[in-house]
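One structure is given below, encoded as structure tokens.
The values are calculated or read from the model by the stated rules, or taken from the named source; none is laboratory data. This structure is a prediction, so every number in the text was calculated from the model and none was measured. We place every Cβ from the backbone using ideal geometry, glycine too, and count neighbours over all the protein chains shown. The protein model used for the area step is the full one, side chains on, heavy atoms only, and it has no ligands, DNA or RNA in it. Shrake-Rupley method; radii C 1.70, N 1.55, O 1.52, S 1.80 Å.
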Amino acid sequence: MLSVRNLVKTYQTTKSKKKNRFKALDNVSIEFPEHGLVFILGKSGSGKSTLLNSIGGLDSFDSGEIIIKGKSSKNFSQQDFDSYRNTFIGFIFQEYNILENFSVAKNLALAIELQGLKADKQRVLDLLEQVDLKDYAKRKPNQLSGGQKQRVAIARALIKNPEIIMADEPTGALDSATGKQVMETLQNLSKTKLVIVVSHDRDFAETYGDRIIELKDGKVISDQTKKEITAAKTASGISVVNGEYIHIGKGQNITVEDLQVIGRTILENSKNSDTIITLGDVPNQKVKKLVNITNSGDQETFQDTTSEDIKKEEYRSGDLRLIKSKLKFSDSFKIGASALKYKVGKLFFTILLAVFAFTCFGIIDAFASWNRADSVNQAVSLTKQNNISIQKRIRGESSYYYKLAISENDVQALESKFENYDFVPVYSRGASSYMSIDGLDSNSNEYTLYGCCAFGFMSVEDTNQLSNLGLTLQGSLPQNANEICISKHLYECFKKANETIHGFDDIKNKFASFSGFSGDYKIVGIIDDGTDLSKYKENNSESFNSSNYMQIQAMVNDLNYSYARMVYVNNETLQKCINNGFSNIDLYMYCENTSNNRGINISFYDGVPSMAYIKRNSLELQDNEIILSASSLKNALGLSSTSELKQLIDSGLTIKATSSGMSDMVLTVVGYNDDGAYVVNNYTKDMFSLANNSIYFYTM
């Protein structure tokens, strides 16, 4: 019925930081009989449990195959292995694996339902009677002894009427007397089933087993079957076993011939060793068991297994029929919910303590993980704003922050993390740009007070984009490079500062200009973001005083980072604004140890200049590395030759920022070029792209 052929199983272990491959099974082949009690012995790590798990389909193997009723495991899917276990295999484990929250009868009933059968009460009782536990049906597992629990596990294994029972150290957690009871039960079952037992107890194996297979280092080193040796007998039936043991059956008559045989045997044995004659029933039974003498006077002994010892039937692959396991949803739910019904008082206090523990943990975590940015974000959300501004900043000394440009990679990272939000790039010089309109007064107190300033420029292409962002349009969208739309807030600012403005037509097609940018831009529309300005209450006094000034300035500052201070352009105009406002960033280095204290103007270089010298082979710079102009370096350091400069770089030329808030920035000069440009990686380039701030350095 069952054959194992050339099984190989390898584990990878880590020892002393080295990976080693360990063969748990090394080309193991075994033919099993149709029934009988087969013991698999071996020391820990010999591979016996791995072999049992592989045969039972609990563990995979690297190569080889298992033949079950003529069908090879090579043709098995994982579902086939599950069905194979459910159909043919009954498992008995050392730890019992009984559901503690259910009675003995319910444990067996659930196992019956897994076979797709109705859990008949009489069938459950019949199973318990087979293992002598019929009177324990209503007991919970915690009311049973270890041996009784193991017999429940045996009964559960018998539910499917399996043809193979596999037991992994079934007596390992039991005392000797209880272990004998379990082994006697398995021995009785082996008369009609194949029982495979993994054990380390040779005494049990020799006493109860029909066959002993011993493993070492994943290989079969011994395979022996118990065989009966016929002893020499007298005419009346007295047995002399191997010339060492004399067996006289209970109630047997002894003749003169028998006495002569007994006398000769004793005389012959006494020449070499002591002779002890026992007459008590108890010692005689122990001797019989010790030397395996049967009641008929013959002797049983283990000898090498031959093919004649393994009685097998012939099978075809079609003889293997598998049953899929299934359990009703109600029972599955009960198993999960049973813990809620068990020890209600204990459950209540467990929940109470868990709530208290999680509350304390939450409080501690709240204090430990408080973050100003998160708190501000939550505060903004409470204002029910439709949009917020996201900035990228770095922190220097004294908690001073520098704003950095947000890259395309940053936008992609935000979009991947917040899938339900739209991110629209806004381009800003880092400061407001005052806006003026031809023909309108821009010198009044109202104009200055309300701050008719654009804080950023944003591209709009169509009305669908406006709708998605919650914006509405009056007029038309910018189509040409010199056309713009202004926000409704900017329009309202001009309206307050100029009594001649009564509606959109009064500024339509007028030209606006912005501080910091060249060119004039025609106003073709007004875009309203729906900002509620009613919360900013103005002082109605005719003169401007500190009270209404602060109120209005609060409104201006609040709206800096929103659509309310935005100028809307098309892509062509936006690129023009970027070119005029963002690409001419200068970096200054101050070399403290030079006699003339002259700074070096290092222009931003978009690209990789030709290298005159670099101290390593790769241009992939680290975040703290920089390449500078040779002429600028020599001038600042007071050097006359590039060879001197090269020596300084090779020995480690380091510069440190002196600008306010940036004195923690330290860079290492790793090369020089002749193009008058500096070279850094993208991260460091972002740090230098700070709203036209100059950064000064000195050599360390």
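Values for this structure:
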{"quantity": "Count of residues meeting criterion [under 12 Å from V28 (Cβ atoms), of a type outside the set (D, E, K, R) and not in a strand (DSSP E or B)] in region 40-58", "calculated": "8"}
{"quantity": "Residue, nearest to I66 (Cα to Cα), within region 89-118, restricted to residues that are open to solvent by less than 60 Å² (accessible area, probe 1.4 Å) and free of Cβ contacts under 8 Å to residues at least 40 places away in the same chain", "calculated": "A109"}
{"quantity": "Candidates G676, G661 - the one that is at pLDDT below 80, touching a helix residue (DSSP H, G or I) at 6+ places or on another chain (Cβ under 8 Å), open to solvent by 30 Å² or more (accessible area, probe 1.4 Å) and on the phi > 0 side of the Ramachandran plot", "calculated": "G676"}
{"quantity": "Output for region 163-184, where each listed residue is of a type in the set (S, T, Y) and crowded, with 19+ Cβ neighbours inside 10 Å", "calculated": "T171"}
{"quantity": "Selection from region 119-142 of residues that are over 24 Å from T192 (Cβ atoms), open to solvent by less than 50 Å² (accessible area, probe 1.4 Å) and either aromatic (F, W, Y) or outside any loop (DSSP other than H, G, I, E, B) (or both)", "calculated": "P141"}
{"quantity": "Counted residues, region 409-454 - those being open to solvent by 50 Å² or more (accessible area, probe 1.4 Å), part of a helix (DSSP H, G or I) and modelled with pLDDT of 70 or more", "calculated": "6"}
{"quantity": "Failed criterion for V182 (all others in (1) out of contact with any Pro (no Cβ under 7 Å at 6 or more places or on another chain); (2) free of Cβ contacts under 8 Å to residues at least 60 places away in the same chain hold)", "calculated": "(1)"}
{"quantity": "Qualifying position, being modelled with pLDDT under 90, over 21 Å from T192 (Cβ atoms) and part of a helix (DSSP H, G or I), among F22, F61, F81", "calculated": "F81"}
{"quantity": "Test: residue in region 76-83 that is on the phi < 0 side of the Ramachandran plot, crowded, with 20+ Cβ neighbours inside 10 Å and in contact with a helix residue (DSSP H, G or I) (Cβ under 9 Å, 6 or more places away or on another chain)", "calculated": "no"}
{"quantity": "Long-range neighbours under 8 Å by Cβ, at least six apart or interchain, first residue more than 20 Å from S83 (Cα to Cα) within region 148-171, second among the basic types (K, R)", "calculated": "none"}
{"quantity": "Set S29, S44: member being at pLDDT 90 or above, open to solvent by 10 Å² or more (accessible area, probe 1.4 Å) and out of contact with any Pro (no Cβ under 9 Å at 6 or more places or on another chain)", "calculated": "S29"}
{"quantity": "Residue within region 215-222 that is touching a residue at least 12 places away in the same chain (Cβ under 8 Å), touching a Ser or Thr at 6+ places or on another chain (Cβ under 6 Å) and open to solvent by 50 Å² or more (accessible area, probe 1.4 Å) present", "calculated": "yes"}
